[in-house]
Amino acid sequence: MTTNKKYEYRVVQGKTHWMAEITRRVTSRKTVVSKSQDGFSTETDAKKWGEKELASFLENLTKRNKRDFEQHLKNKKEKALREEAYKQRKTTPENSGSENADHNRNNETNEQTPDQ
């Protein structure tokens, strides 16, 4: 069994120019081009671009993955807090809710002024 990287670059020769591609290995049989550039006059130019862009591409991918993971942790923490608050509301006695309703009704009647 061979070990392949998930992201690589390859250089392809056209009729009059060279082309560099950053590829992603989707499955063992399927490969997708993530980024490409053509119009290079020499193979070495295409290789240089491929190496440079692959490094940049992987760096950006790592940064994005870190941001997504941080957001995932934040969302998970917020969800846990919401669930805890829901459990707290659910376990509090129901009469406290009716006391609030009575208090609100008393405030509404006190605020009404008779028309003169």
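Residues in the stretch 31-64, backbone N under 15 Å from the label point at Lys15 (7 Å along the Cα-to-beta-carbon vector): list them, ranges by number please.
In the stretch 31-64, the label zone of Lys15 (backbone N under 15 Å from the point 7 Å along Cα→Cβ) covers 39.
Once you place label points 7 Å from the Cα toward the Cβ at Lys66 and Lys5, how far apart are they in nm?
Going from the Lys66 label point to the Lys5 one covers 2.0 nm.
Which whole-Hz ³J(HN,Hα) couplings does the stretch 22-35 yield from phi under the Karplus relation 6.51 cos²θ - 1.76 cosθ + 1.60, θ = phi - 60°, glycine and proline marked x?
Once rounded to whole Hz, the list reads 9, 10, 10, 7, 7, 10, 5, 10, 10, 10, 10, 7, 8, 7.
Would you mind checking Lys35/Lys79; Lys30/Lys79; Lys35/Lys66; Lys30/Lys63 for any pair whose Cα atoms are more than 32 angstrom apart?
Lys35/Lys79; Lys30/Lys79, as the Cα separations exceed 32 Å there.
Per q in 0.12, 0.16, 0.23, 0.25 Å⁻¹, report the Debye log10 I(q)/I(0) for the stretch 7-92, using one uniform scatterer on each alpha carbon and no solvent.
Results for the stretch 7-92 at q = 0.12, 0.16, 0.23, 0.25 Å⁻¹ read -0.55, -0.73, -1.04, -1.11.
Tell me, what is the percent relative contact order of the stretch 1-59, built from C-alpha pairs under 8 Å that lie six or more residues apart?
Answer for the stretch 1-59 is 32 percent.
In terms of modelled amide H atoms, which long-range or inter-chain residues lie less than 5 Å from the amide H of Tyr9?
Correct list: Thr23.
If I model a spin label at Thr44 and Leu73 as a point 7 Å from the Cα along the Cα→Cβ vector, what separation in nanometres do I get?
Placing both labels 7 Å beyond Cα along the Cβ direction yields 4.6 nm.
Given a Förster distance of 35 angstrom, what is the FRET efficiency for Glu59 paired with Glu83, based on the Cβ-Cβ distance and rounded to 0.05?
Calculated transfer efficiency: 0.45.
Readers should treat all values here as calculations from the given coordinates under stated rules, not as data from a laboratory. Only a predicted model underlies this, so the values are computations on that prediction, with no experimental measurement involved. Neighbour counts run over all protein chains shown; Cβ positions are idealised from the backbone, glycine included.
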